[in-house]
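The structure appears right after this line, and notes come after that.
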Amino acid sequence: MVIVSKKGLCYLSMSKIKIPTSQTEIIEARIISKSSCYIIEIVYEKSEKITENQQVAGVDLGVNNLIAVTTNQTGTSHKHD
């Protein structure tokens, strides 16, 4: 169990380990054992920033083609000869 304090500390239950963090909505914490150390991963949810710009592009790296691009903008050409 992960406990987050209002002072910006993350406590792992059954442990005296305190990890400073700026996140308040922590989903889980993982302790990963490596050969010479332990790695602690803190998983949290980050809210998506909504932009005013409505321009969208999709890019696909292909096998037969180097790249395929499409956008939601009409009248634009991305063809290269």
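Taking each residue of the stretch 51-69 that is without any contact (Cβ under 8 Å) to a residue 40 or more places away in the chain and looking for partners that are surrounded by 10 or more Cβ atoms within 10 Å (Cβ to Cβ) and not in a strand (DSSP E or B) with beta-carbon atoms closer than 6 Å, six or more apart or interchain, yields Val56/Asn72; Val69/His78.
Note on the stretch 57-70: among residues that are in a strand (DSSP E or B) and of a type in the set (Gly, Ala, Ser), the one that is modelled with the highest pLDDT is Gly58.
Looking across the stretch 1-56, the residues that are out of contact with any Lys or Arg (no Cβ under 9 Å at 6 or more places or on another chain), among the β-branched types (Val, Ile, Thr), at pLDDT below 80 and assigned to a loop (DSSP other than H, G, I, E, B) come down to Ile50, Thr51.
The values are calculated or read from the model by the stated rules, or taken from the named source; none is laboratory data. The structure presented is a predicted model; accordingly, all values stated were derived computationally and were not measured. FYI the Cβ positions are ideal-geometry reconstructions off the backbone, even for glycines, and counts take in every protein chain you see.
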